[in-house]
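> Quick one: structure below, then a few questions.
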Amino acid sequence: MVDLESEVPPLPPRYRFRDLLLGDQGWQNDDRVQVEFYMNENTFKERLKLFFIKNQRSSLRIRLFNFSLKLLSCLLYIIRVLLENPSQGNEWSHIFWVNRSLPLWGLQVSVALISLFETILLGYLSYKGNIWEQILRIPFILEIINAVPFIISIFWPSLRNLFVPVFLNCWLAKHALENMINDLHRAIQRTQSAMFNQVLILISTLLCLIFTCICGIQHLERIGKKLNLFDSLYFCIVTFSTVGFGDVTPETWSSKLFVVAMICVALVVLPIQFEQLAYLWMERQKSGGNYSRHRAQTEKHVVLCVSSLKIDLLMDFLNEFYAHPRLQDYYVVILCPTEMDVQVRRVLQIPMWSQRVIYLQGSALKDQDLLRAKMDDAEACFILSSRCEVDRTSSDHQTILRAWAVKDFAPNCPLYVQILKPENKFHIKFADHVVCEEEFKYAMLALNCICPATSTLITLLVHTSRGQEGQQSPEQWQKMYGRCSGNEVYHIVLEESTFFAEYEGKSFTYASFHAHKKFGVCLIGVRREDNKNILLNPGPRYIMNATDICFYINITKEENSAFKNQDQQRRSNVPRSFYHGPSRLPVHSIIASMGTVAIDLQDTSCRSTSGPTLSLPTEGSKEIRRPSIAPVLEVADTSSIQTCDLLSDQSEDETTADEEISSNLEYAKGYPPYSPYIGSSPTFCHLLHEKVPFCCLRLDKSCQHNYYEDAKAYGFKNKLIIVAAETAGNGLYNFIVPLRAYYRPKKELNPIVLLLDNPLDDLLRCGVTFAANMVVVDKESTMSAEEDYMADAKTIVNVQTLFRLFSSLSIITELTHPANMRFMQFRAKDCYSLALSKLEKKEREKGSNLAFMFRLPFAAGRVFSISMLDTLLYQSFVKDYMISITRLLLGLDTTPGSGFLCSMKITEDDLWIRTYARLYQKLCSSTGDVPIGIYRTESQKLATSESQISISVEEWEDTKDSKEQSHHRSNHRNSTSSDQSDHPLLRRKSMQWARRLSRKGPKHSGKTAEKITQQRLNLYRRSERQELAELVKNRMKHLGLSTVGYDEMNDHQSTLSYILINPSPDTRLELNDVVYLIRPDPLAYLPNSEPSRKNSICNAVAQDSREETQL
């Protein structure tokens, strides 16, 4: 075995205990050499250089001492002038010789010796091989002129009274001050603004000029007027200010020459200084300056980080942020790397914003800029992505780096981050609140296909409004729509609430119904005190606790409400005739000003039989009698609640046995086996038992498994949903999952077609003629437009083409800019559209944040802009629960026990319910659903102008046919702009073509001439709508597609649709109303009894196919 001790070298002496006791006796025998580094810094010159130049603190002390010496020399010169008696006579000797006392001479000699020694020493230490460069420097020359004569006078006493221009030391003091400021910045590791430095230099230059001129004039006038220092000061100020009174003037030619020289110097030096100052001022205006530490510690501020600041983004943020009363004292610091544009600068000069908004040009990746914004003291930091870029992934990468930089610099600052792509969301999981644009966008587009106008509903809920929009309009629907748009989501603790305190220990549905009946508020969700999860409509089995946080929809929050009982209103002299009517709204929806609302307390006492009661039809109408509305129980009764089994299908009871077996074999319920990106919430949904081959996903191409090449050949039972997108991104996952959610009946599942390109042939092959909805997603490639608002140009024109070709198709469009919504379904000469445009302008002038809400496409939910959801991120600063509630409503998150958003349509069989309050009671007592709003469609009653009526040739020839056609046209309203502007009788192209045929054609027989005449009349009678319809049909025939079912005359232009959020309990229900419901989670109330055969099969399939199923 090898001796290890001989192989391992002994420890050095300083590590051995024996050597510590005995000393380093063995160190002399060690052959190792001790090396010392940086020996060049141990020389005497380097040590002096380290003390006088390199070390910031010692150098600062030297500069300060030098500055004090120069000021002392100038002070001694002034003392010498004041103590001197002016001598009589005009001899030139008075210029070269002065009276200087011995103590004063001694002090001046001491100062000169120290100054000269310091100057020579610093010149030696900074010597770099060129001695003339050191000698010919202006500070060195001035030092020689002011110090050497005093030193010579030590050895030559007769020169003690020689005049020395000591006042020139003021320029050396200015030079020392500049060096001192630079060392001060280095010493405290803090860079002062260049603006401050330049102002300091300008002031010191001006003072040096004035001081030099004062001292020079006073000395040269010793042989003239014998001016004192005050008279010289007066003369210099009058001269440099260009006033020139002329009462004090120089007499000698030498003083006059000196004044000329000083004016020339001032004309050269001062403009240069002012120019640099003006340049720095302009640069500071662009960069924005700093936010002081004192203000950051005494005031509250938030920081907004953006890559480029547009005026729309800025105004949306400011209007939404300052809409909350408790944020009025906050300051907004904007950190942006680009220069402020003209529009933003003009807005920030408005007094309302200039005192509360601070613009800083800088990058969030620089700690220096984050320090300027005082990020570590900020209440919150909002980081917004630039959606107007072609490469949105690159925009997300910039956002991620900004979030990382802010988190690294200020770990305790709350982060509110906006991200575009869902696959990038997991990089910023540490942020307090995150809004992913594509997640919300596709989820809203999907729910728009199920619940109409969901995008409008969510947009109105996340915007701050007082419900005053449209109240001056003569249209009743605009008043109701604008009034209900003021509803928002608020929260309050149950035991502290007047709305809900009396419902402690009662069921959730009981509290929701009675709170709406009594106060007009809609309770939609709760959260336990010890739980972070929000439950939307947890159902009738949920018992309210005193510490529960209640989430409700109302015009304003309870803290800003005043309560007035109806008995008090009856005793008052206020007339109540205004509130009578079938669709009246309560006081809380009418009186809203400055965040304070008066709420009408509904009388819950027993009423007389003459009042509105839940009466049933009479006995004479037993054949149409409807079941009565059961009361909402305080505590849920299991037998009275219609439970919904999760794994069963509501539609299966209506299917036959064969359909049921085939349905069970085709679909299963479970979680998607694969997640397209990290951070997606697992959703229970309908799945296929077997994965479909990739070749079968191409609808327009056949494969070995099927031979279909168009949607019609597949024979789908339900109408299609077509998604026109540029690429199949990961965000489409959030579009498919809500449409395949577990709570949707299997018979209502719509086939989904992804259309990556939309020429007419592909549109016809994918079944656009019988599609339920077509969703047009904003394309990223259009973001490259030179003008920002032109990014939607391609989308708008394509949708307008679809609207003209397929007028009966329901098109849902996403735009980048909300201002472009006015171009959707554009009709140039439509009087009603022009009236809505004027109304929008009036609402914008009043300062409304929802001026675009009265546009018919937006009110009907056919268009929305994802930028309107930016307010969701802003509201989260005050309402930290808004993102969670919105995600639950859209189905992006699924919390056990939380309900989901769905809808129901009011049919003729439901009109017996009559009012919204009775519907509320019916739903709460039967299924446990909570209604939150109504989507209403009304006929558009417009005055028909002459240009809106189609006139045909037969009306001129046959009066009888004219009457029949006029009666037929009265049931249809022409909607296209061409129908309103072009006379069908004077279709120029058709007429020219027909005339050309008649001129060039040969002479025909009588039958041929009659046939040509008939064709000509048909061409005259053709409208533009008929031409488009014929074009589509001919193309369908060319592709071998059936034209059956293509309805070219049916459109939505004779109707208008709008949303009533949380309407009054007395609101009348109308036919075809769509009611938005929050339905309780069926999974939370699965019966404990033995499951049926059907449920057991589904359970087994769902468990076994978790890794084998596919959407």
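> So how many residues does segment 221-235 have that are open to solvent by 30 Å² or more (accessible area, probe 1.4 Å) and either over 22 Å from Cys208 (Cα atoms) or among the β-branched types (Val, Ile, Thr) (or both)?
So the answer is 2.
> Got a number for residues in segment 347-383 being in contact (Cβ under 8 Å) with a residue 40 or more places away in the chain, open to solvent by less than 60 Å² (accessible area, probe 1.4 Å) and more than 11 Å from Leu335 (Cβ to Cβ)?
Filtering segment 347-383 down to residues in contact (Cβ under 8 Å) with a residue 40 or more places away in the chain leaves 358-362, 364-365, 367-368, 370, 372-375, 377-383.
Cutting the leftovers down to open to solvent by less than 60 Å² (accessible area, probe 1.4 Å) gives us 358-362, 364, 370, 372-375, 377-378, 380-383.
Applying the additional criterion that residues be more than 11 Å from Leu335 (Cβ to Cβ) yields 377, 380.
Looking only at that region, the number is 2.
> Quick one: Ser640 ticks every box in (1) of a type outside the set (A, V, I, L, M, F, W, C); (2) modelled with pLDDT under 75; (3) open to solvent by 50 Å² or more (accessible area, probe 1.4 Å) except a single one, so which number is it?
For Ser640, the failing item is (3).
> Something else about it: Can you go through Asp909, Asp893, Asp929 and tell me which one is touching a Gly at 6+ places or on another chain (Cβ under 9 Å) and charged (D, E, K, R)?
Values: Asp909 fails: touching a Gly at 6+ places or on another chain (Cβ under 9 Å); Asp893 fails: touching a Gly at 6+ places or on another chain (Cβ under 9 Å).
None of the other options fit; the residue is Asp929.
> Let me ask another. Mind checking which residues of segment 198-237 are touching a His at 6+ places or on another chain (Cβ under 8 Å) and at pLDDT 85 or above? Outline the logic, then answer.
As a first pass, look at segment 198-237 and keep what is touching a His at 6+ places or on another chain (Cβ under 8 Å): 222-223.
If the condition is that a residue be touching a His at 6+ places or on another chain (Cβ under 8 Å) and at pLDDT 85 or above, then no residue fits.
> Let me ask you something else. Mind checking which strands (runs of 3 or more DSSP E) fall wholly inside segment 361-460 and carry at least 2 residues that are in contact with a Ser or Thr (Cβ under 9 Å, 6 or more places away or on another chain) and over 30 Å from Met282 (Cβ atoms)?
Numbers: elements: 380-383, 415-419, 433-436.
The qualifying strands (runs of 3 or more DSSP E) are 415-419, 433-436.
> Taking only segment 481-492 into account, find how many residues are open to solvent by 10 Å² or more (accessible area, probe 1.4 Å) and assigned to a helix (DSSP H, G or I).
Counting residues in segment 481-492 that are open to solvent by 10 Å² or more (accessible area, probe 1.4 Å) and assigned to a helix (DSSP H, G or I) gives 1.
> Glu251 - would you say it is open to solvent by 40 Å² or more (accessible area, probe 1.4 Å) and either at pLDDT below 85 or basic (Lys, Arg) (or both)? Please lay out each step first, then the result.
Working: open to solvent by 40 Å² or more (accessible area, probe 1.4 Å): yes; either at pLDDT below 85 or basic (Lys, Arg) (or both): yes.
It is true that Glu251 is open to solvent by 40 Å² or more (accessible area, probe 1.4 Å) and either at pLDDT below 85 or basic (Lys, Arg) (or both).
This table checks each residue for (1) of a type in the set (D, E, K, R); (2) touching a Pro at 6+ places or on another chain (Cβ under 9 Å).
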position: Ala453; (1), (2): no, no
position: Gly467; (1), (2): no, no
position: Gly470; (1), (2): no, no
position: Tyr481; (1), (2): no, no
position: His516; (1), (2): no, yes
position: Val521; (1), (2): no, no
position: Arg528; (1), (2): yes, no
position: Pro538; (1), (2): no, yes
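> Give me the pairs, please: first residue somewhere in segment 789-804 and farther than 12 Å from His817 by Cα and in a helix (DSSP H, G or I), second residue anywhere and charged (D, E, K, R) and open to solvent by less than 50 Å² (accessible area, probe 1.4 Å), beta-carbon distance under 9 Å, and either six or more positions apart or on two chains.
Lys794/Lys779; Phe803/Asp1051; Arg804/Glu1024; Arg804/Arg1025
> Identify the single condition in (1) in contact with a strand residue (DSSP E or B) (Cβ under 8 Å, 6 or more places away or on another chain); (2) assigned to a loop (DSSP other than H, G, I, E, B); (3) within 22 Å of Ser1057 (Cβ to Cβ); (4) open to solvent by less than 10 Å² (accessible area, probe 1.4 Å) that Gly470 does not satisfy, given that it satisfies every other one.
(1)
> Output yes when any residue across segment 158-171 is part of a helix (DSSP H, G or I) and surrounded by fewer than 19 Cβ atoms within 10 Å (Cβ to Cβ), and no when none is. Show your work before the answer.
As a first pass, look at segment 158-171 and keep what is part of a helix (DSSP H, G or I): 158-159, 166-171.
Checking which are surrounded by fewer than 19 Cβ atoms within 10 Å (Cβ to Cβ) leaves us with 158-159.
Scanning segment 158-171, I find at least one residue that is part of a helix (DSSP H, G or I) and surrounded by fewer than 19 Cβ atoms within 10 Å (Cβ to Cβ), so the answer is yes.
> For segment 145-157, indicate whether the set of residues that are at pLDDT 75 or above, touching a helix residue (DSSP H, G or I) at 6+ places or on another chain (Cβ under 8 Å) and within 30 Å of Asp367 (Cβ to Cβ) is non-empty. Please lay out each step first, then the result.
Restricting attention to segment 145-157, the residues satisfying the condition of being at pLDDT 75 or above are 145-157.
Still in the running and touching a helix residue (DSSP H, G or I) at 6+ places or on another chain (Cβ under 8 Å): 145-154.
Next, from what is left, pick out any that are within 30 Å of Asp367 (Cβ to Cβ): none.
No, every residue in segment 145-157 fails to be at pLDDT 75 or above, touching a helix residue (DSSP H, G or I) at 6+ places or on another chain (Cβ under 8 Å) and within 30 Å of Asp367 (Cβ to Cβ).
> For Ala1102, all conditions in the list (1) part of a helix (DSSP H, G or I); (2) open to solvent by less than 60 Å² (accessible area, probe 1.4 Å); (3) of a type in the set (A, V, I, L, M); (4) modelled with pLDDT of 50 or more hold save one; what is the number of the exception?
Among (1) part of a helix (DSSP H, G or I); (2) open to solvent by less than 60 Å² (accessible area, probe 1.4 Å); (3) of a type in the set (A, V, I, L, M); (4) modelled with pLDDT of 50 or more, the lone unmet condition for Ala1102 is (4).
Let's see how each residue does on (1) modelled with pLDDT under 90; (2) within 30 Å of Arg1068 (Cα to Cα); (3) surrounded by fewer than 21 Cβ atoms within 10 Å (Cβ to Cβ):
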| residue | (1), (2), (3) |
| --- | --- |
| Lys879 | no, no, yes |
| Leu892 | yes, no, no |
| Phe900 | no, yes, no |
| Ala917 | no, yes, no |
| Asp929 | no, yes, no |
| Tyr935 | no, yes, no |
| Glu946 | yes, no, yes |
| His968 | yes, no, yes |
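> Can you tell me which residue is farthest from Cys74 (Cα to Cα) among those in segment 112-140 that are in a loop (DSSP other than H, G, I, E, B) and among the hydroxyl-bearing types (Ser, Thr, Tyr)?
Per the stated criteria, the residue is Tyr127.
This table checks each residue for (1) in contact with a Ser or Thr (Cβ under 6 Å, 6 or more places away or on another chain); (2) modelled with pLDDT of 85 or more.
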residue: Ile736; (1), (2): no, yes
residue: Leu739; (1), (2): no, yes
residue: Pro745; (1), (2): yes, yes
residue: Asn750; (1), (2): no, yes
residue: Val753; (1), (2): no, yes
residue: Asp757; (1), (2): no, no
residue: Leu764; (1), (2): no, no
residue: Phe770; (1), (2): no, no
residue: Met774; (1), (2): no, yes
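> Just the residues that are in contact (Cβ under 8 Å) with a residue 60 or more places away in the chain and either out of contact with any Phe, Trp or Tyr (no Cβ under 9 Å at 6 or more places or on another chain) or assigned to a helix (DSSP H, G or I) (or both), please, taken from segment 506-546.
Lys506, Thr509, Tyr510, Ser512, Phe513, His514, His516, Lys517, Lys518, Phe519, Gly520, Asn533
> Give all pairs with beta carbons closer than 8 Å in which a residue from segment 673-699 that is under 12 Å from Tyr733 (Cα atoms) and open to solvent by 50 Å² or more (accessible area, probe 1.4 Å) meets a residue that is assigned to a loop (DSSP other than H, G, I, E, B) and of a type in the set (S, T, N, Q); count only pairs at least 6 apart in sequence or on separate chains.
Pro682/Ser675; Pro682/Thr894
> So, one more: Could you count how many residues in segment 493-528 are under 29 Å from the mean Cα position of the chain (by Cα) and open to solvent by 10 Å² or more (accessible area, probe 1.4 Å)?
The number of residues fulfilling the criteria is 1.
The values are calculated or read from the model by the stated rules, or taken from the named source; none is laboratory data. Computed from a prediction, not measured in an experiment: that's the story for all the values here. When we count neighbours, we look across all protein chains shown, and the Cβ atoms used for this are built from the backbone with ideal geometry, even at glycine. Areas reflect the complete protein model, heavy atoms only, side chains present, ligands, DNA and RNA absent. Shrake-Rupley method; radii C 1.70, N 1.55, O 1.52, S 1.80 Å.
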